[in-house]
């Protein structure tokens, strides 16, 4: 007579196996999450630099389109604020512009300040967040 044997293959994972998998996933996320957050921050900073450079190119295009540097500088100085300069002078020279200069930057943490007298001599200044919450000038 044959002895009846129980099947040896389990139909589900044991508690120990599940805990091991959860622990491994936890360790992987522990090391990966700060890198993901840093990559997002770095990409925002890179986008802000690229958009500031795009604004500098738009300034050069505006001055070239006006033709007379003295007239362009007078128009630039009389525009008043950077927001007015963006909407009235620079938007036509930017591909896919937004309605406002603030919306053009990747987040509210970044801002651009133009030279009020001669933007062709001095590039726009880009300000952004630092690690301690202060706003600092970003070179690009």
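Tabulated data for the structure shown
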read-out	value
Spin-label pair residue 31/residue 125, simplified geometry with 7 Å Cα→Cβ offset, distance in nm	4.3
Computed E for residue 78/residue 43 - FRET, C-beta separation, R0 30 angstrom, nearest 0.05	0.20
Helical contribution to [θ] at 222 nm, DSSP H n ≥ 4, -39,500 (n - 2.57), averaged over the chain, rounded to 500	-17000 deg cm²/dmol
Using alpha-carbon coordinates, inclination of helix 69-78 to the longest axis of the chain, degrees	70
Fluctuation leader among 43, 107, 14 - the chain, Gaussian network, Cα springs under 10 angstrom	14
Spatial extent of the stretch 27-140: Rg and Dmax, with the Cα atoms as the point set, Å	16.7, 63
Angle between the chain longest axis and helix 15-66 axis [Cα atoms, degrees, rounded to 10]	10
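Read the figures in this text as sums done on the coordinates, not as results from a lab. For clarity, every value in this text was computed on a predicted model and none was experimentally measured. Cβ: placed from backbone, ideal geometry, glycine included. Neighbour counts: every protein chain shown.
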